[in-house]
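Asker: Shown below is the structure under consideration.
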Amino acid sequence: MEKKQVYRCSVCGNVVEVLHVGGGTLVCCGHPMVLEAVKKSEEGNEKHLPVVTVNGNEVSVKVGSVPHPMLEEHFIQWIECIVGENIYKKELKPNEVAETVFMIDGDASNMIVRAYCNVHGLWQV
């Protein structure tokens, strides 16, 4: 297990991000949680990969070059920007737009931007 990894319960759908590694196994609903694979590319309509624009310390993120659906059954749950040890996160709900702006501290050249789809998992650029 590593810091910032994302795990999902295959029974109830709970999602957990590791903030501190203490050992042991993450368990939910009586089963070990499943590590979400980080996806960095997709074929066809680009609806999951974050599209990032940086202007100084302002980071604009839109999920997908084609807007991602934001329906009750299929939506982006959160967008996250990691700069060193700083984590900036925007949680989203159905019917909201899958985009945000973060004002970051630190060097944007080493940042990681991720989005989490409730159906298709974890996407990162």
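Asker: Of 109, 60, 10, 65, which residue is over 14 Å from the mean Cα position of the chain (by Cα) and part of a strand (DSSP E or B)? Full working, then the answer.
Answerer: Working: 109 fails: part of a strand (DSSP E or B); 10 fails: part of a strand (DSSP E or B); 65 fails: part of a strand (DSSP E or B).
One residue alone meets the criteria, 60.
Asker: Determine whether region 101-114 contains at least one residue that is at positive phi, surrounded by 14 or more Cβ atoms within 10 Å (Cβ to Cβ), at pLDDT below 95 and not assigned by TED's automatic domain parsing to the domain that holds residue 13. Please lay out each step first, then the result.
Answerer: Within region 101-114, the subset at positive phi is 106.
Narrowing further to those that are surrounded by 14 or more Cβ atoms within 10 Å (Cβ to Cβ): none.
Taking every residue of region 101-114 in turn, none turns out to be at positive phi, surrounded by 14 or more Cβ atoms within 10 Å (Cβ to Cβ), at pLDDT below 95 and not assigned by TED's automatic domain parsing to the domain that holds residue 13.
Asker: Would you confirm whether any residue within region 23-35 is without any contact (Cβ under 8 Å) to a residue 24 or more places away in the chain, surrounded by 10 or more Cβ atoms within 10 Å (Cβ to Cβ) and in a loop (DSSP other than H, G, I, E, B)?
Answerer: Yes.
Asker: Sticking with this structure for a sec: Scanning region 1-38 for residues that are in contact with an Asp or Glu (Cβ under 7 Å, 6 or more places away or on another chain) and of a type in the set (D, E, K, R), which turns out farthest from residue 75 (Cα to Cα)?
Answerer: Filtering first and then ranking leaves 4.
Asker: So which of 96, 42, 17 is touching a strand residue (DSSP E or B) at 6+ places or on another chain (Cβ under 9 Å), among the acidic types (Asp, Glu) and at pLDDT 95 or above?
Answerer: 96
Asker: Mind checking whether some residue in region 70-80 is surrounded by fewer than 11 Cβ atoms within 10 Å (Cβ to Cβ) and either in a strand (DSSP E or B) or in contact with a strand residue (DSSP E or B) (Cβ under 9 Å, 6 or more places away or on another chain) (or both)? Steps first, answer last, please.
Answerer: Looking only at region 70-80, we keep the residues that are surrounded by fewer than 11 Cβ atoms within 10 Å (Cβ to Cβ), and these are 72-73.
Then drop every residue that is not either in a strand (DSSP E or B) or in contact with a strand residue (DSSP E or B) (Cβ under 9 Å, 6 or more places away or on another chain) (or both), which leaves none.
Looking through region 70-80, none of the residues is surrounded by fewer than 11 Cβ atoms within 10 Å (Cβ to Cβ) and either in a strand (DSSP E or B) or in contact with a strand residue (DSSP E or B) (Cβ under 9 Å, 6 or more places away or on another chain) (or both).
The values are calculated or read from the model by the stated rules, or taken from the named source; none is laboratory data. Owing to the predicted nature of the structure, the values given are computational and were not obtained by experimental measurement. FYI the Cβ positions are ideal-geometry reconstructions off the backbone, even for glycines, and counts take in every protein chain you see.
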